[in-house]
Amino acid sequence: MSPLPTLSPAATTPTLSPQDLGVGARFTIAVMDGGFAEIILGALAGADATDLDVVTDPVSTLVRGSEQRVLEYLTDVIAGAARGGHHVSASVLLSRGCPGEVTCSITPGLLAEAAAVPVLPATGIRASAHWSLYPLDDTGRPGEEPDHLRDIYAAIDHAKQLGTYVRGEHYATLLEGDLADVLGTMAAGWVLVGRSVQHVTSHAVLSIASPTEV
């Protein structure tokens, strides 16, 4: 009988799932129209939820899965609600690195599971957003002290490169562009910082077809 093959260390290390990594989002949509319920429910029903865990409660919708699929789903739902031309507002919270949910704990291998920056096709829908990024860095990096502003400024510089940055505001950064580009900018900062910080959250309030001009 031939001896059993020896497993390499890499082969014995299980791949962490998005649930293991605490990847997900919560979002709430408001549509300024008398038929808001039908519009919101229709947008939720019409979005592709393949490979995702989606739960809607009276306050918000939770979506968990890979970074790419979470952002695709968010784009589908918000675009679906906005295609009727009504003023739409969406509050979006992204989180990565808190799999314990109620009590966060360090996940071995989390930073090694670096995600690719989500790529989203254009929607043809223009959006504005007030965006904030929160690198929850308690320990710092080898040889460095924790410095959340370093990571926030790096994400803002990346937004400038992407062309969605408008200006800094009180407590937020103003982004404008195609809905996919705005959400993609938000996701890029979240994912890139998440390669070196255990727990990262990002929040944005998006506005589409606002009755006031920025």
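The values are calculated or read from the model by the stated rules, or taken from the named source; none is laboratory data. Here the structure is a predicted model, which means the values were calculated and not measured. All Cβ positions, glycine included, derive from the backbone under ideal geometry; neighbour counts span all protein chains shown. Surface accessibility is based on the protein's heavy atoms, side chains included, excluding ligands, DNA and RNA. Shrake-Rupley method; radii C 1.70, N 1.55, O 1.52, S 1.80 Å.
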- Task: Within segment 179-204, count every residue that is in a strand (DSSP E or B) and either within 19 Å of Pro146 (Cβ to Cβ) or over 12 Å from the mean Cα position of the chain (by Cα) (or both).
- Result: 4
- What are the residue pairs meeting all of these: first residue in segment 107-121, first residue buried (at least 18 other Cβ atoms within 10 Å of the Cβ), second residue at pLDDT below 80 and of a type in the set (Asp, Glu), Cβ atoms under 7 Å, and 6 or more apart or on different chains? Thr107/Asp20
- Message: Give me the residue from segment 135-167 that is at pLDDT below 95 and assigned to a strand (DSSP E or B) and, out of that set, surrounded by the fewest Cβ atoms within 10 Å (Cβ to Cβ).
- Response: Leu136
- Item | Among (1) surrounded by 18 or more Cβ atoms within 10 Å (Cβ to Cβ); (2) modelled with pLDDT of 95 or more, the one test that Ser91 misses | (1)
- Query: Quick one: what pairs do we get from segment 74-88, first residue in a loop (DSSP other than H, G, I, E, B), second among the basic types (Lys, Arg), C-beta under 7 Å, 6+ apart or different chains?
  - Reply: none
- Given the structure, is Val63 without any contact (Cβ under 8 Å) to a residue 12 or more places away in the chain and either touching a strand residue (DSSP E or B) at 6+ places or on another chain (Cβ under 7 Å) or not in a strand (DSSP E or B) (or both)? no
- Note down all Cβ pairs under 8 Å where the first residue falls in segment 8-30 and is over 27 Å from Asp57 (Cβ atoms), the second is modelled with pLDDT of 75 or more and open to solvent by 40 Å² or more (accessible area, probe 1.4 Å), and they're at least six residues apart or on different chains. none
- Message: Which residue is nearest to the chain's Cα centre (by Cα), if the candidates are limited to segment 111-134 and must be modelled with pLDDT of 95 or more and assigned to a loop (DSSP other than H, G, I, E, B)?
- Response: Leu120
- Message: If a residue must be surrounded by fewer than 18 Cβ atoms within 10 Å (Cβ to Cβ) and in contact with a strand residue (DSSP E or B) (Cβ under 7 Å, 6 or more places away or on another chain), how many such residues does segment 66-86 contain?
- Response: 1
- Query: Taking segment 8-50 only, how many residues are surrounded by 13 or more Cβ atoms within 10 Å (Cβ to Cβ), within 23 Å of the chain's Cα centre (by Cα), assigned to a loop (DSSP other than H, G, I, E, B) and at pLDDT 80 or above?
  - Reply: 4
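Determine if segment 182-191 includes at least one residue that is surrounded by 19 or more Cβ atoms within 10 Å (Cβ to Cβ), within 18 Å of Glu72 (Cα to Cα) and of a type in the set (S, T, N, Q).
Within segment 182-191 (the criterion being surrounded by 19 or more Cβ atoms within 10 Å (Cβ to Cβ), within 18 Å of Glu72 (Cα to Cα) and of a type in the set (S, T, N, Q)), the answer is yes, since at least one residue qualifies.
Which count do you get for residues in segment 51-60 that are of a type in the set (A, V, I, L, M, F, W, C), in a strand (DSSP E or B) and either at pLDDT below 95 or open to solvent by 70 Å² or more (accessible area, probe 1.4 Å) (or both)? Before the answer, list the steps.
First, the residues of segment 51-60 that are of a type in the set (A, V, I, L, M, F, W, C): 52, 54-55, 59.
Narrowing the set further to residues that are in a strand (DSSP E or B) leaves 54-55.
Then drop every residue that is not either at pLDDT below 95 or open to solvent by 70 Å² or more (accessible area, probe 1.4 Å) (or both), which leaves 55.
Of the residues in segment 51-60, 1 are of a type in the set (A, V, I, L, M, F, W, C), in a strand (DSSP E or B) and either at pLDDT below 95 or open to solvent by 70 Å² or more (accessible area, probe 1.4 Å) (or both).
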- Scan segment 205-214 for residues that are over 16 Å from the mean Cα position of the chain (by Cα) and closer than 16 Å to Thr75 by Cβ and jot them down. Ser207, Ile208
